[in-house]
1. For region 86-115, give me each residue that is loosely packed, with under 14 Cβ neighbours inside 10 Å and under 22 Å from the mean Cα position of the chain (by Cα).
2. Working only within region 168-209, note down all residues that are more than 30 Å from Ser269 (Cα to Cα) and of a type in the set (Ser, Thr, Tyr).
3. For region 1-20, what are the residues that are assigned to a loop (DSSP other than H, G, I, E, B), touching a Lys or Arg at 6+ places or on another chain (Cβ under 9 Å) and not aromatic (Phe, Trp, Tyr)?
4. Give the residues of region 211-260 that are basic (Lys, Arg) and over 21 Å from Lys169 (Cα atoms), sorted by residue number.
5. Is it the case that some residue within region 219-240 is assigned to a strand (DSSP E or B), more than 21 Å from the chain's Cα centre (by Cα) and among the β-branched types (Val, Ile, Thr)?
6. How many residues are open to solvent by less than 10 Å² (accessible area, probe 1.4 Å) and within 26 Å of the chain's Cα centre (by Cα) if we restrict to region 390-411?
Amino acid sequence: MTKTSKKNTVIEVLAEKIVFPGNVLCRCTDGIALFCEGLLPGETAEVFVTRDKKTFREGKLKNILSKSSLRKEPECPSFGKCGGCSFQHTDYKTQLKFKTECVRELLNFTETEIPDIIESPRQWHYRNKMEFSFFDDNGKLDMGLHEKGSFYKYIGIPPCFIAHQDIVKTAAIVKEFCIKTELRPYNNKSHEGFFRHLVLRKGINTGDLSVNLVTNKTETIKDEFWSELTEELKNYASSVYWTHNSKFSDAVNSEISSLLYGSPNITESLTVYGNTLKFSIAPFSFFQTNTKAAEILYDTVIKCLDPKKEDCVLDMYCGTGSIGICLAPHVKHVTGVEQIEDSIKSARQNAVLNAINNVSFSASTAENWIKQNTQKFDAVIIDPPRMGLTQPVIEHILTLAPEKVVYVSCNPSTLARDLKIIYAAGGYFAKKIIPVDMFPQTYHIETVVLLSKT
Ligand code: SAH
């Protein structure tokens, strides 16, 4: 019997469980699974069906019929519309429980006992970096974040409950200045307008703050604007940049950045495994966005590694070298590999800043680097982006056969996929699996895995 399509109709569902990265597996009355966002297990709801396939459906939440006792009022009035943090409808303890269960389920095949996820020291206002976009709100200039799933629509800030308070405060000041110029916000469709992005970075442990105002090149702006803005920002900021970007892409791009005030980089400090180290962060280079949780993450990585003075360690996907630099005082040598040249430049500067000379860095993709390097290592750290490892990199690590491998993952699904390949090859098992919460109020999960041969 062929079933009639439920597409574009509203149906009733029962939410069963949250699946990474934030979809909810629901059951329709006819037994078919439906995926939709925004529900909690046990809730019943009316859902508008957007896709109806043979074995599953997708839908948009319309109306919750029975609420879970775990549901709470989100802090942010833009919850549900803003693409920022979509896990505010339950308390922090429940968010943590979901994240732990998710890692346990995905990595169940390892048979390794997985402890509860380590909490983030801050649950709100933890982000040290934000990129806001300027936009037109019915003829008025406003600034904020992209609407969920939209390229052209935005949500104004304040409030923002995950950005550090100084970032929110400074953004509001800059916005007022921009409004006074009467110049227009940039429009992604027409490519007209002047103000594009505001990138703010805060050294949570040092107090530094950098302001980077990104504008289109086409319009002129009075010199007084910059002098008055800089004068005002001197009270809050350690550096002020003006960046030109006339490219069509919405990505925050740097064509020409002029430093209008202060030092070129902000400094952040991290206390990890008994040492406090300084990191100089350039306007466009990568740094973990939750400073306090990064200290815990790196501490966990180094504890898992259990470093010895005679160890030579490979830090693959090293970014600006933070993990390797924190580890260097405890080992003989660290080699960092990273594809972005600017990040490697920062990594080298950061090694000098901390008087660390037992590290070396290569600007290369992991895939190219392994073709030219067959050096043995006592331990390997891998911290790949969301898509996880590629087959040649996995094979290289298996051939190197270091005593220990620490896999730092920001995506438990690709982590599970990669570990299955490693398990199938034989030789390694996950001695420790430690989830760490770096992103409260969101569904993101970070996991540290120690792979060992014994
Ligand atoms: N370990 C670092 C950064 C991890 S983010 C830290 O904790 O700060 C992952 C990094 O991998 C990014 O810096 C990204 O530029 C880099 N990357 C992505 N694909 C890569 C590849 N194929 N080869 C080398 N580096 C890559």
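The values are calculated or read from the model by the stated rules, or taken from the named source; none is laboratory data. If you're wondering where the values come from, they're calculated on a predicted model, not measured in any experiment. A quick note on method: Cβ atoms are made from the backbone with ideal geometry, for glycine too, and the neighbour counts reach across all protein chains shown. Just so you know, the surface numbers come from the protein's heavy atoms only, side chains and all, with ligands and any DNA or RNA stripped out. Shrake-Rupley method; radii C 1.70, N 1.55, O 1.52, S 1.80 Å.
1. Asp91, Lys93
2. Thr181, Tyr186, Ser190
3. Hits for region 1-20 are Lys3, Lys6, Lys7.
4. Once the filter is applied, which keeps residues that are basic (Lys, Arg) and over 21 Å from Lys169 (Cα atoms), region 211-260 yields Lys217, Lys222, Lys247.
5. yes
6. Going through region 390-411 one residue at a time, the tally reaches 7.
Every residue, every condition in (1) under 27 Å from Glu75 (Cβ atoms); (2) surrounded by 19 or more Cβ atoms within 10 Å (Cβ to Cβ); (3) in contact with a strand residue (DSSP E or B) (Cβ under 9 Å, 6 or more places away or on another chain), yes or no:
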residue	(1), (2), (3)
Thr170	yes, yes, yes
Glu219	no, no, no
Ala237	yes, yes, yes
His244	no, no, yes
Ile256	no, no, yes
Leu260	no, no, yes
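Table: residues versus (1) within 15 Å of the ligand (Cβ to nearest atom); (2) touching a residue at least 60 places away in the same chain (Cβ under 8 Å).
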site: Tyr298; (1), (2): yes, no
site: Lys303; (1), (2): no, no
site: Asp311; (1), (2): no, yes
site: Gly321; (1), (2): yes, no
site: Gln349; (1), (2): yes, yes
